Structure formats: structure tokens, C-alpha cells
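J.: Quick one: structure below, then a few questions.
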Amino acid sequence: MRRMIVGISGASGSAYAIAALRALRAVPDVETHLVLSQQARQTIALETDATAADVEALADVVHRDENLAASISSGSFHTEGMLVVPCSMKTASAIAYSFNANLLVRAADVCLKEKRRLVLMVRETPLHLGHLRTLTQLAELGAVILPPVPGMYAHPKTVDDIIGHAIGKALDQFGIDAKSFARWTGA
């Protein structure tokens, strides 16, 4: 069984997180470990018809953000890595500078120190120089910066098509084919 950590920060884009958890649930050999920030709980309620409890029900294991003693806070707990979706600039900054005040950031920090895949679906626009420097620092540390940018070559027809493309690209980083988007086949 492969373990994947999914962190949900308070940035706009809760639908991406829900889609990621649904896609991972469909993969039989993946066990998901979920951690939601306090702000994520509020954003989920503001942006979707789901509750935080509905989102938590999509995961195999749920960890409280304030529990810095959780299994995912230790490098000895083996995982494939972590997807932070969406990733606020506040969370990205905390990860970049190892400000481990909560479990979401600590789990991401563990992925970096253990050289495990850390994919950040950063949600902010426009980006100012401070944001860009933070993202550069994260890339230099080994994180994959993967903003949810739609691939128009797939001719998306719905918002779900756009979300599916972004989640498919993110899960590709872990070698997981979510089969959630049309791949480029060439001209």
C-alpha cells in the first residue's frame, strides 16, 4: 500500500482538493492521509456545497492540523510524498522557511528533508516579487511548483474538465495516472 499525504490550505480552489481526493480514492493501492488547515475548513464551506467532514470522508486517514505528533510529522513514517492542493502563499512561505507551526507545514517539511515528492498547487495571481522568490526557494529545496493552469489542447467543456486536467498533471508527479484528462497526442 502506497501512502500519499494531501494537505489542503485555505487558498481558493477547494474543488481541486476534492477532485484530488476522489481521484486518489479510485486508486486501489493508495492510502490517503489528509490534513486540512483551519482556514481550509472555512474556504470549503464558502466555495462548495461540501462540508469539511464531507471532504475528510474521502480520505483513509485524517490528521488534525494542530497535532504535531501525528505519524506524518516524522520521516520514519514512509510516504510517496505530499500534494498541497490548493496551496496558499502563506502555506508556501511557511514551507519555504520551515516554519513548522502546524501539521500541514511540518508534513511538507518532512517530505523535503527526506527527499520525497512535494507538489504545491499554488493559488495566487498576480504574483509579486516576494511570491516569486518564495516559489524559487521552494523549487531549489526540491518542491514541484504546479499551479492549476488549464491545458486548452484538451478542449475543456466544463469546469470539471479543467479541474480534472490540473489534478491529473499533479498526480502524474507521483506516478499515478488518474485518467482524469485527455493527454496530448501530437499534431
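J.: Please go through the range 163-187 and give me each residue that is open to solvent by 50 Å² or more (accessible area, probe 1.4 Å) and over 13 Å from the mean Cα position of the chain (by Cα), ordered by number.
T.: Initially, the range 163-187 is screened for residues open to solvent by 50 Å² or more (accessible area, probe 1.4 Å), giving 169, 172-173, 175, 177, 179, 182-185, 187.
Within the range 163-187, GLY175, ASP177, LYS179, ALA182, ARG183, TRP184, THR185, ALA187 qualify.
J.: When you check THR32 against the structure, is it without any contact (Cβ under 8 Å) to a residue 40 or more places away in the chain, out of contact with any Phe, Trp or Tyr (no Cβ under 9 Å at 6 or more places or on another chain) and open to solvent by less than 30 Å² (accessible area, probe 1.4 Å), yes or no?
T.: Working: without any contact (Cβ under 8 Å) to a residue 40 or more places away in the chain: yes; out of contact with any Phe, Trp or Tyr (no Cβ under 9 Å at 6 or more places or on another chain): yes; open to solvent by less than 30 Å² (accessible area, probe 1.4 Å): yes.
So THR32 passes the test.
J.: Given the condition touching a helix residue (DSSP H, G or I) at 6+ places or on another chain (Cβ under 6 Å) and of a type in the set (Lys, Arg), answer yes or no: does some residue in the range 60-78 qualify?
T.: So far as the range 60-78 goes, no, none of its residues is touching a helix residue (DSSP H, G or I) at 6+ places or on another chain (Cβ under 6 Å) and of a type in the set (Lys, Arg).
J.: Can you tell me which residue within the range 22-42, out of those that are among the charged types (D, E, K, R) and not in a strand (DSSP E or B), is farthest from GLY168 (Cα to Cα)?
T.: Within the range 22-42, the match that is farthest from GLY168 (Cα to Cα) is ARG41.
J.: Let me ask another. Name the residue that is farthest from ALA94 (Cα to Cα), counting only residues in the range 125-181 that are in contact (Cβ under 8 Å) with a residue 60 or more places away in the chain and in contact with a Phe, Trp or Tyr (Cβ under 9 Å, 6 or more places away or on another chain).
T.: That would be GLY164.
J.: Considering the range 111-162 alone, what residues qualify as being of a type in the set (S, T, N, Q) and either at positive phi or surrounded by fewer than 17 Cβ atoms within 10 Å (Cβ to Cβ) (or both)?
T.: The initial filter retains those residues of the range 111-162 that are of a type in the set (S, T, N, Q), namely 125, 134, 136-137, 158.
The answer is THR125, THR136, GLN137, THR158.
J.: For the structure I just gave you, tell me whether ALA45 is out of contact with any strand residue (DSSP E or B) (no Cβ under 7 Å at 6 or more places or on another chain) and surrounded by 19 or more Cβ atoms within 10 Å (Cβ to Cβ).
T.: Details: out of contact with any strand residue (DSSP E or B) (no Cβ under 7 Å at 6 or more places or on another chain): yes; surrounded by 19 or more Cβ atoms within 10 Å (Cβ to Cβ): no.
Taking the combined requirement at face value, the residue does not satisfy it.
J.: Out of the residues in the range 78-110 that are small (Gly, Ala, Ser) and farther than 24 Å from VAL149 by Cα, which is surrounded by the most Cβ atoms within 10 Å (Cβ to Cβ)? Let's see the steps before the verdict.
T.: Within the range 78-110, the subset small (Gly, Ala, Ser) is 81, 88, 92-94, 96, 98, 101, 107-108.
With farther than 24 Å from VAL149 by Cα added as a condition, the list becomes 98, 101, 107.
Working: SER98: 13, ALA101: 11, ALA107: 30.
Once the filter is applied, the top-ranked residue is ALA107.
J.: Can you tell me which residues in the range 7-21 are open to solvent by less than 10 Å² (accessible area, probe 1.4 Å) and not in a loop (DSSP other than H, G, I, E, B)?
T.: GLY7, ILE8, SER14, ALA17, ALA20, LEU21 - these are the residues of the range 7-21 that are open to solvent by less than 10 Å² (accessible area, probe 1.4 Å) and not in a loop (DSSP other than H, G, I, E, B).
The values are calculated or read from the model by the stated rules, or taken from the named source; none is laboratory data. Quantities reported herein were computed from a predicted structural model and do not represent experimental measurements. Glycine also receives a Cβ, built like all others from the backbone with ideal geometry; neighbour counts cover every protein chain displayed. Ligands, DNA and RNA are stripped out before the accessible areas are found, and what is left, the full protein with its side chains, is counted by its heavy atoms. Shrake-Rupley method; radii C 1.70, N 1.55, O 1.52, S 1.80 Å.
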